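Visitor: Please see the structure below; I have some questions.
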Amino acid sequence: MIPDRFTPVLAELAPLAARFVDAGHRLYLVGGTVRDLMVDSRPGDHDLDLTTDARPAEIKACLADWADAIWTQGERFGTIGARSGDRTYEITTFRAESYADDSRKPHVTFADDVETDLGRRDFTVNAMALELTSGDTPVLVDPHGGAVDLINKVLRTPLGPDISFSDDPLRMLRAARFIAGYELEPTEQLVAAVADMAPRLAIVSAERIRDEFDKLLTVDHPGAGLWFLYDTGLSDQFIPELSAMRLEHDPIHRHKDVLSHTIAVVENVRPPSEQPADRPPFDFRLVRLAALFHDIGKPSTRGHQDGKGTTFHHH
């Protein structure tokens, strides 16, 4: 049974779904909206992602006279973008992808069933779809148990993590965000795969890594994700200064480990939702970055002074 909180978005999508039914196609809501509604969140003003058996030309035909605007920059990957009212939609043909060893850009082939498409997604909690063209009652398609994993707070991949992370190494960094943002516990297999495959992150562009790391830093409480980056060695691939801060002030005061302190300071920059109502607006991302880097110079300035112990002069 689909929870009542899905009703507004289903009502919004009903006219579009009817167009695909009339054209003999199937249409599914996928991605973060399904996941977030499963945990009682609201889609709000977010874009909506959908997938279909229709090919790009057929998608465009279904959108004609419905969308206010259509764009086709992603058409060669099977994606047609559209805007209707204040909402943006991306509708993508079922895909079955393969990747070269030295690139995270996929060679796209189209699939004929939604299960194949869901199997190529990053995590089981993102590998759920809601069919909108199944009659009066939408049907949840969840071949990899994503709903159960959400309930049990488990993070795992639809296929083996070695396959998933080999295909797209950025998913290893994305795992940190899901661990922190949704309080998920990664499986032992997932953690082992990241620790083993961390160097593969080198094929991902610096811009993509930056963007994903920013998303981690700006979840409400990023601490668990930052510890995941350190524990797996993934941070060494793009921000080795993080691991370098794992040092003690002195053998007695172990609680003064610089990395532990730094992550605590990052956590203490409370998200806007936890700020007092009368607090002036501030650049949340920038302050979080300042918290992360405020002691970044300590490892290279560490010294010892008789009578004072460990020092970090001019850090």
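Residue-by-condition table, conditions (1) in contact (Cβ under 8 Å) with a residue 24 or more places away in the chain; (2) over 13 Å from the mean Cα position of the chain (by Cα):
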position	(1), (2)
A198	yes, yes
E207	no, yes
D214	yes, no
G233	yes, yes
P240	no, yes
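Visitor: Of all residues in region 1-22, which are surrounded by 15 or more Cβ atoms within 10 Å (Cβ to Cβ) and closer than 19 Å to K60 by Cβ?
Guide: Of everything in region 1-22, those that are surrounded by 15 or more Cβ atoms within 10 Å (Cβ to Cβ) and closer than 19 Å to K60 by Cβ turn out to be L13, L16, A17, A18, R19, F20, V21.
Visitor: Continuing with the same structure: Name the single residue that is farthest from A180 (Cα to Cα) among those in region 258-296 being charged (D, E, K, R), open to solvent by 70 Å² or more (accessible area, probe 1.4 Å) and under 24 Å from the mean Cα position of the chain (by Cα).
Guide: D283
Visitor: While we're looking at this one, here's another question. When you scan region 247-257, do you find a residue that is basic (K, R), open to solvent by less than 70 Å² (accessible area, probe 1.4 Å) and out of contact with any Pro (no Cβ under 7 Å at 6 or more places or on another chain), even just one?
Guide: Applying the first criterion (basic (K, R)) to region 247-257 yields 254, 256.
Next, only the ones that are open to solvent by less than 70 Å² (accessible area, probe 1.4 Å) stay: none.
Checked against the condition, which is being basic (K, R), open to solvent by less than 70 Å² (accessible area, probe 1.4 Å) and out of contact with any Pro (no Cβ under 7 Å at 6 or more places or on another chain), region 247-257 yields no hits at all.
Visitor: Taking A111 as the residue in question, decide whether it is within 30 Å of A224 (Cβ to Cβ), aliphatic (A, V, I, L, M) and in contact with a helix residue (DSSP H, G or I) (Cβ under 8 Å, 6 or more places away or on another chain). First the steps, then the outcome.
Guide: Details: within 30 Å of A224 (Cβ to Cβ): no; aliphatic (A, V, I, L, M): yes; in contact with a helix residue (DSSP H, G or I) (Cβ under 8 Å, 6 or more places away or on another chain): yes.
Taking the combined requirement at face value, the residue does not satisfy it.
Visitor: Restricting the first residue to region 49-65 and requiring it to be more than 16 Å from F77 (Cβ to Cβ), which pairs with a second residue that is not in a loop (DSSP other than H, G, I, E, B) meet a Cβ separation below 7 Å and a spacing of at least six or different chains?
Guide: Qualifying pairs under 7 Å: C62/R19; C62/F20; L63/I70; L63/I80; L63/A82.
Visitor: Another question about this same structure. Could you tell me how many of the residues in region 159-169 are out of contact with any Phe, Trp or Tyr (no Cβ under 6 Å at 6 or more places or on another chain), open to solvent by less than 50 Å² (accessible area, probe 1.4 Å) and within 20 Å of M128 (Cα to Cα)?
Guide: Pass one, region 159-169, residues out of contact with any Phe, Trp or Tyr (no Cβ under 6 Å at 6 or more places or on another chain): 159-166, 168-169.
From what is left, the residues that are open to solvent by less than 50 Å² (accessible area, probe 1.4 Å) are 160-161, 164-166, 168-169.
Imposing the further condition that a residue be within 20 Å of M128 (Cα to Cα) reduces the set to 160-161, 164-165, 168.
Looking only at that region, the number is 5.
Visitor: List the residue pairs whose Cβ atoms are under 6 Å apart, where the first residue sits in region 243-261 and is modelled with pLDDT of 55 or more and part of a helix (DSSP H, G or I), the second is charged (D, E, K, R) and open to solvent by 40 Å² or more (accessible area, probe 1.4 Å), and the two are 6 or more positions apart or on different chains.
Guide: Partner pairs satisfying both residue conditions: S243/D236; L259/R246.
Visitor: Out of region 23-34, which residues are buried (at least 21 other Cβ atoms within 10 Å of the Cβ) and either in contact with a Gly (Cβ under 9 Å, 6 or more places away or on another chain) or without any contact (Cβ under 8 Å) to a residue 60 or more places away in the chain (or both)?
Guide: T33, V34
Visitor: So, one more: Among D49, D40, which is the only one that is of a type outside the set (A, V, I, L, M), outside any helix (DSSP H, G or I) and more than 22 Å from E115 (Cβ to Cβ)?
Guide: Details: D49 fails: more than 22 Å from E115 (Cβ to Cβ).
None of the other options fit; the residue is D40.
Visitor: Name the residues in region 12-22 that are of a type outside the set (A, V, I, L, M) and free of Cβ contacts under 8 Å to residues at least 12 places away in the same chain, would you? Lay out the reasoning, then the answer.
Guide: Within region 12-22, the subset of a type outside the set (A, V, I, L, M) is 12, 15, 19-20, 22.
If the condition is that a residue be of a type outside the set (A, V, I, L, M) and free of Cβ contacts under 8 Å to residues at least 12 places away in the same chain, then D22 is the only one that fits.
Visitor: In region 147-175, which residue that is in contact with a Pro (Cβ under 8 Å, 6 or more places away or on another chain) and small (G, A, S) is nearest to V108 (Cα to Cα)?
Guide: S164
Visitor: Still on this structure, please answer the following. Quick test for you: out of K153, K105, pick the one residue that is modelled with pLDDT under 90, more than 19 Å from T52 (Cβ to Cβ) and not β-branched (V, I, T).
Guide: Values: K153 fails: modelled with pLDDT under 90.
Just one listed residue meets the conditions, K105.
Visitor: Give the residues of region 170-198 that are assigned to a strand (DSSP E or B) and crowded, with 23+ Cβ neighbours inside 10 Å, sorted by residue number.
Guide: Of region 170-198, the ones assigned to a strand (DSSP E or B) are 185-186.
Within region 170-198, P186 is the sole residue that qualifies.
Okay, residues lined up against (1) closer than 26 Å to R120 by Cβ; (2) among the charged types (D, E, K, R); (3) modelled with pLDDT under 95:
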| position | (1), (2), (3) |
| --- | --- |
| P3 | no, no, yes |
| E12 | no, yes, yes |
| L16 | yes, no, no |
| D22 | no, yes, no |
| L27 | yes, no, no |
| M38 | yes, no, yes |
| R42 | no, yes, yes |
| I59 | yes, no, no |
| W71 | yes, no, no |
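Visitor: Restricting attention to region 131-146, and to residues there that are at pLDDT 95 or above, outside any loop (DSSP other than H, G, I, E, B) and not acidic (D, E), which single residue is most open to solvent (accessible area, probe 1.4 Å)?
Guide: Ranking the qualifying residues of region 131-146, first place goes to V141.
The values are calculated or read from the model by the stated rules, or taken from the named source; none is laboratory data. Remember, it's a predicted structure, so these values are computed and weren't measured experimentally. With ideal geometry, Cβ positions are generated from the backbone for all residues, glycine too; neighbour counts draw on all protein chains shown. Ligands, DNA and RNA are stripped out before the accessible areas are found, and what is left, the full protein with its side chains, is counted by its heavy atoms. Shrake-Rupley method; radii C 1.70, N 1.55, O 1.52, S 1.80 Å.
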